[in-house]
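To keep things clear, I will list the structure first and then write my remarks on it.
The values are calculated or read from the model by the stated rules, or taken from the named source; none is laboratory data. All figures in this text were calculated on a predicted structure; none of them were measured in a lab. We place every Cβ from the backbone using ideal geometry, glycine too, and count neighbours over all the protein chains shown.
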Amino acid sequence: MSDEPDHYFTARPASPAERRTLAVRLAGRDVEVEVASGVFSPGRLDLGTQVLLRTVPPLDEALAATAATAAPAHVLDLGCGWGPVALTMALEAPAATVWAVDVNERALDLVRRNADRLGLPGVRAVTPDEVPDDVALAALWSNPPIRVGKDVLHAMLLRWLPRLAPGASAHLVVQRNLGADSLQRWLAEHLERPLPGVRVDRAASAKGFRVLEVVAPVV
């Protein structure tokens, strides 16, 4: 057994789960969710996610505006943790299939429990390889795991962002002092090949965070 401490991106946290409930406000609703140690921000709705959720357009409006209007729409929360972003997506667009993606098995179990608790059957909490290859994303929201390191982060973003449907958008929240501006430039450069004509903008800046918007071209 490793003596290394658990990280929120650990696949199988060894620490005791220490489950408890947490009162939060998601999609304009006061709800109770289940959280546990060994996942990202188990004690509160973290500030970066708060900034992201205040910035993104209402999901039903985003789905109506995109070319990806096939029913049901598929949307994705990349690095879902205990599920605040995925649950918000499902509350705002209950007809959508919401893919909550993480490598942390404890986090995925929490998302499933929380989706059941809130009556959200459209949430699919899965590992990255469990999302079908033919799924095109009508929206992607993420507080990405910056601390996994640049190489892993870049590979993750290059895996998922090119799966945006024509006209669809991704919103990523990144701390300014953890390289948000350099990531914006990197994305603009490296997404041009898989998504010719892609636009990468800064949608918001607040509380030391940037929200980056990636808009796939309309073919």
Test for R159: is it among the charged types (D, E, K, R), out of contact with any Gly (no Cβ under 8 Å at 6 or more places or on another chain) and surrounded by fewer than 18 Cβ atoms within 10 Å (Cβ to Cβ) | yes
Residues of the stretch 46-80 being under 14 Å from the mean Cα position of the chain (by Cα), of a type in the set (A, V, I, L, M, F, W, C) and modelled with pLDDT of 95 or more, which ones?
-> V51, L52, L53, V56, V75, L76, L78, C80
Please list, ordered by first then second residue, the pairs with beta carbon atoms under 7 Å, 6 or more apart or interchain, first in the stretch 179-199 and free of Cβ contacts under 8 Å to residues at least 12 places away in the same chain and within 16 Å of E213 (Cβ to Cβ), second surrounded by 11 or more Cβ atoms within 10 Å (Cβ to Cβ) and of a type in the set (F, W, Y).
-> none
Kindly list the number of the only condition in (1) among the charged types (D, E, K, R); (2) in contact with a helix residue (DSSP H, G or I) (Cβ under 8 Å, 6 or more places away or on another chain); (3) part of a strand (DSSP E or B) that fails for E213.
-> (2)
Which one is surrounded by the fewest Cβ atoms within 10 Å (Cβ to Cβ) among residues in the stretch 192-219 that are basic (K, R) and under 18 Å from the mean Cα position of the chain (by Cα)?
-> R202
Identify all residues within the stretch 160-188 that are within 23 Å of T66 (Cα to Cα), out of contact with any strand residue (DSSP E or B) (no Cβ under 9 Å at 6 or more places or on another chain) and either assigned to a helix (DSSP H, G or I) or of a type in the set (A, V, I, L, M, F, W, C) (or both); write none if there are none.
-> P162
Only one residue in D129, D151, D134 is free of Cβ contacts under 8 Å to residues at least 40 places away in the same chain and either part of a strand (DSSP E or B) or farther than 18 Å from V103 by Cα (or both). Which one?
-> D134
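A quick yes/no check of all residues on (1) under 25 Å from D60 (Cβ atoms); (2) touching a Cys at 6+ places or on another chain (Cβ under 6 Å); (3) at pLDDT 95 or above:
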{"site": "R147", "(1), (2), (3)": "no, no, no"}
{"site": "L153", "(1), (2), (3)": "no, no, yes"}
{"site": "R159", "(1), (2), (3)": "no, no, yes"}
{"site": "L172", "(1), (2), (3)": "yes, no, yes"}
{"site": "R193", "(1), (2), (3)": "no, no, yes"}
{"site": "A203", "(1), (2), (3)": "yes, no, yes"}
L110 more than 29 Å from S205 (Cα to Cα), in contact with a helix residue (DSSP H, G or I) (Cβ under 7 Å, 6 or more places away or on another chain) and among the hydrophobic types (A, V, I, L, M, F, W, C) | no
